[in-house]
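First up is the structure itself, then whatever we jot down about it.
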Amino acid sequence: MGIIEKNKALMKEISRIAEVAGYLWTKGWAERNGGNISVNVTDIMNEKEKSIPAISKAIPLQEAMTELGENIFYVTGTGKRMRYVACNPFENGVLIRIAPDGNSYEIIAEQCILPTSELPSHLMMHNYLRKIGKNNRVVLHTHPTDLIGMTHNKHFLNSQVITRTLWSMIPECRIIIPKGLGIVPYEIPGTLDLARATIEQLKEHDIVFWEKHGILAVGEDIIECFDAIDTLNKSAQIYFCARLSGCDNPSGMTDKQLDDLVEAFGL
Ligand code: 13P
Ligand code: ZN
């Protein structure tokens with residue numbers, strides 16, 4: 001057994017990532033290699049584990065991740081399928097270590113697999129959230145069918161409109177996603193422009209839509225990030241079901257009903 005596998009806390013975190021990868025696949029949100037995950041695991045590794053020899057050369061980053069020096073992340077691999085991350089997280093993802101100056105990273109376990117093409121954007125978000133003092137650990141990107149469908153409707157490409165619509169479909173949505181959703185107009189996947197536009201939206205929201213592409217959630221806990229996206233997608237499904245049931249323009253809960261939730265749950 002390698003040094004990494006002896007770390008029970010790390011293995012537990014990896015199994016939670018695998019659990020979520022399985023949900024993404026069974027939900028139908030992870031066609032082929034759709035979606036990617038990165039989780040900061042630095043705090044659950046001891047000094048010896050953190051300094052294990054790299055199995056790759058240093059891979060340069062386009063921008064210095066000044067807040068992430070020596071941090072270690074589990075990251076899904078590019079082109080890897082969530083359904084296989086679920087059963088073999090270390091054959092479909094890697095542990096990477098950021099260089100002390102934040103200018104590059106190296107792979108430290110377990111196989112030399114290239115991280116997700118969205119790595120620059122994930123790291124930029126981790127870096128930004130650290131910089132503003134958040135204890136953020138997770139960036140989760142996936143392709144939820146119903147939510148993506150809504151971003152094809154121009155009417156919903158407005159943060160306030162889509163947030164109000166989804167909040168008003170079930171009370172839980174208002175409670176679980178209190179900061180609502182940000183919208184990023186279509187950008188080429190994997191680009192730094194997409195990352196920068198997402199960071200702008202993360203200033204006000206925890207969850208961001210990428211028009212006609214997918215959704216991105218950040219947070220401290222991977223299960224919580226999944227649950228937030230799941231709740232939003234459920235609201236989208238209820239919106240569609242309400243329309244199918246004959247209601248052309250479901251108005252959802254009233255402003256008063258939504259405001260009462262804010263008071264009742266101290267949001
Ligand atoms: P990767 O396979 O490189 O993670 O890309 C999947 C994806 O969803 C890109 O947005
Ligand atoms: Zn994607």
Restricted to the range 118-144, and to residues that are more than 12 Å from ligand 1 (Cβ to nearest atom) and charged (D, E, K, R), which residue is least open to solvent (accessible area, probe 1.4 Å)? R137
Would you confirm whether or not the range 155-164 contains a residue that is surrounded by fewer than 24 Cβ atoms within 10 Å (Cβ to Cβ), at pLDDT below 95 and either away from ligand 1 (no atom under 16 Å from the Cβ) or not aliphatic (A, V, I, L, M) (or both)? no
Quick check: anything in the range 94-116 at positive phi, assigned to a loop (DSSP other than H, G, I, E, B), touching a residue at least 24 places away in the same chain (Cβ under 8 Å) and in contact with a helix residue (DSSP H, G or I) (Cβ under 9 Å, 6 or more places away or on another chain)? yes
Restricted to the range 209-227 and to residues being of a type in the set (A, V, I, L, M, F, W, C) and over 10 Å from the mean Cα position of the chain (by Cα), the residue nearest to ligand 1 (Cβ to nearest atom) is W210
Identify all residues within the range 182-203 that are in contact with a helix residue (DSSP H, G or I) (Cβ under 8 Å, 6 or more places away or on another chain) and not in a helix (DSSP H, G or I); write none if there are none. G182, I183, V184, P185, E187, I188, G190, T191
So, in the range 65-79, how many residues would count as being open to solvent by 30 Å² or more (accessible area, probe 1.4 Å) and within 16 Å of the chain's Cα centre (by Cα)? 1
Residues (part of a loop (DSSP other than H, G, I, E, B) and in contact with a strand residue (DSSP E or B) (Cβ under 9 Å, 6 or more places away or on another chain)) located in the range 65-91: M65, L68, G69, E70, N71, T78, K80, P89, F90, E91
Any idea which of K212, K256, K234 is modelled with pLDDT of 95 or more, charged (D, E, K, R), on the phi > 0 side of the Ramachandran plot and surrounded by fewer than 21 Cβ atoms within 10 Å (Cβ to Cβ)? K212
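The values are calculated or read from the model by the stated rules, or taken from the named source; none is laboratory data. If you're wondering where the values come from, they're calculated on a predicted model, not measured in any experiment. Cβ atoms come from the backbone with ideal geometry, glycine included; neighbour counts cover every protein chain shown. Calculation scope for accessible area: heavy atoms of the full protein, side chains included, ligands and nucleic acids excluded. Shrake-Rupley method; radii C 1.70, N 1.55, O 1.52, S 1.80 Å.
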